[in-house]
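The values are calculated or read from the model by the stated rules, or taken from the named source; none is laboratory data. Note that the coordinates shown come from a computational prediction; the quantities given were computed from them, not determined experimentally. Virtual Cβ from ideal backbone geometry, glycine too; neighbours counted across all protein chains shown. The accessibility values were calculated without ligands, DNA or RNA, using every heavy atom of the protein model including side chains. Shrake-Rupley method; radii C 1.70, N 1.55, O 1.52, S 1.80 Å.
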Amino acid sequence: MEARMNLLGNPVATKIWKHIVAASKAVEGTTLPAATQELVKIRASQINGCGFCTDMHTKDAAHAGESAQRLNLIAAWREAKVFTEAERAALELAEQGTRIADAAGGVTDEAWANAAKHYDEDQLAALVSLIAVINAFNRGNVIIQQPAGDYQVGMFG
């Protein structure tokens, strides 16, 4: 399988995507817990069918010490006992924010209020930004059919 285009080899794409990468790096530097960030990235990537990002973020999370049990249960987080209430709130917000077109009202007040119980305003800003950024990465990779499986931890710096 080959990608339809090389986003890193095209000058227009490189110019645009460097800003999305910068936004991702800005989120990484916040107080939103790193484990929560990876869980959100993985769940959005699963929903969007982005194999490349699912591969990347599960490998990054495992490298950072995330357990195989938790990684294997992300898609079934509602039934899994291995996530904290804060992580569950973040995963719910990520799901609703990712499936925004599927729900007439977008993200529910309940999902927002639940997330706000666990995260301060700066962390909520980071969480909302993270959901938007991972969805941008997912959409780009799905559109160009970026193949999955070859990611190596740290290969992008």
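List of remarks:
- Flag for Glu110 being assigned to a helix (DSSP H, G or I), without any contact (Cβ under 8 Å) to a residue 24 or more places away in the chain and within 17 Å of the chain's Cα centre (by Cα): no
- Complete set of residues in segment 34-72 that are surrounded by fewer than 16 Cβ atoms within 10 Å (Cβ to Cβ) and over 25 Å from Glu2 (Cβ atoms): Ala34, Ala62, His63, Ala64, Gly65, Ser67, Ala68, Gln69, Asn72
- Neighbours by Cβ (under 6 Å, 6+ apart or cross-chain): first from segment 126-138, under 14 Å from Glu28 (Cβ atoms); second open to solvent by 30 Å² or more (accessible area, probe 1.4 Å) and of a type in the set (A, V, I, L, M): Val133/Ala23
- Residue match in segment 116-128 (condition: surrounded by 15 or more Cβ atoms within 10 Å (Cβ to Cβ), modelled with pLDDT under 95, part of a loop (DSSP other than H, G, I, E, B) and not aliphatic (A, V, I, L, M)): no
- Condition check for Ala101: open to solvent by 30 Å² or more (accessible area, probe 1.4 Å), at pLDDT below 95 and either among the aliphatic types (A, V, I, L, M) or not in a helix (DSSP H, G or I) (or both): yes
- Checked against (1) at pLDDT below 95; (2) at positive phi, Gly49 passes all but condition (1).
- Options Glu79, Glu92: the member that is acidic (Asp, Glu), out of contact with any Pro (no Cβ under 6 Å at 6 or more places or on another chain), modelled with pLDDT of 95 or more and surrounded by 20 or more Cβ atoms within 10 Å (Cβ to Cβ): Glu92
- Here segment 8-33 is the region considered, the condition is being in a helix (DSSP H, G or I) and of a type in the set (Ser, Thr, Tyr), and the residue that is surrounded by the fewest Cβ atoms within 10 Å (Cβ to Cβ) is Thr14.
- Filter pass, Asp150 being over 22 Å from His57 (Cα atoms) and surrounded by fewer than 17 Cβ atoms within 10 Å (Cβ to Cβ): no
- Scope segment 130-147; condition closer than 20 Å to Asn6 by Cβ and open to solvent by 60 Å² or more (accessible area, probe 1.4 Å); matching residues: Arg139, Val142, Ile143, Gln145, Gln146
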